[in-house]
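What follows is one structure encoded as structure tokens, with my remarks underneath.
The values are calculated or read from the model by the stated rules, or taken from the named source; none is laboratory data. Note that the structure is predicted; figures quoted are calculated from it, not measured. Heads up, the Cβs are rebuilt from the backbone with ideal geometry, glycines too, and the neighbour counts pull from every protein chain shown.
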Amino acid sequence: MNDSMDVTGETLMEAEFHPMVKKYTAGVIVLVMIITVVGIPLIPFGLLFARWYAPESLRRMSARLTTNAVQVNKGVFFRKEATIPLNRVTDVRLHDDPWMRYCGVRGLKVETAGGTGQDGGSEGDLIGVVDPVAFRDAILRQRQVVLEGGAETTPTAAAFAATPTVANELLAEIRDILTRIEAQNRK
């Protein structure tokens, strides 16, 4: 266990990723080129690109279970950093396909309530976690602790009453975030 603390709580578990994710990623790139037919002449360039992209993708992939959330970071060109509160997690699924099985990796998908975004209810899709069953079980156990009230997920009214400046700072931060969101929606 890591003793590091942040806003989502103490780190309980960090996922490790299997090196075969590189082979899986390279295979997906080549498969897309073959399927598109137009990409067939570009396969040598795709292989060269995959030699750089696959290790870089693996290097940037991380997942961390804390007392209150699952934090996921991934992506090379389009980076994604997601903090998934455990009280919103509805399911954690394991999945694979024939190419994943050949490469010896499995996917772990964190499903959430109210998922209407581009991922359709799945904010965390991780390919190649070394022991996906153990990571899934740890997420589900900690989710149960959070739902039973064993871990505080939001500041209580008593905490705000004791420190009104914290409440004011939090409200100001929420206001600023909403202002930025509204500005982006107007663009």
Residue selected from segment 126-158 under the condition at pLDDT 90 or above and of a type in the set (S, T, N, Q), by the criterion farthest from M20 (Cα to Cα): Q144
Working only within segment 52-77, note down all residues that are of a type outside the set (D, E, K, R) and surrounded by fewer than 17 Cβ atoms within 10 Å (Cβ to Cβ). W52, P55, S62, N73, G75, V76, F77
What's the number of the condition T179 fails, among (1) within 14 Å of the chain's Cα centre (by Cα); (2) modelled with pLDDT under 90; (3) of a type in the set (V, I, T)? (1)
In segment 64-97, the residues that are in contact with a strand residue (DSSP E or B) (Cβ under 6 Å, 6 or more places away or on another chain) and among the small types (G, A, S): A69, A82
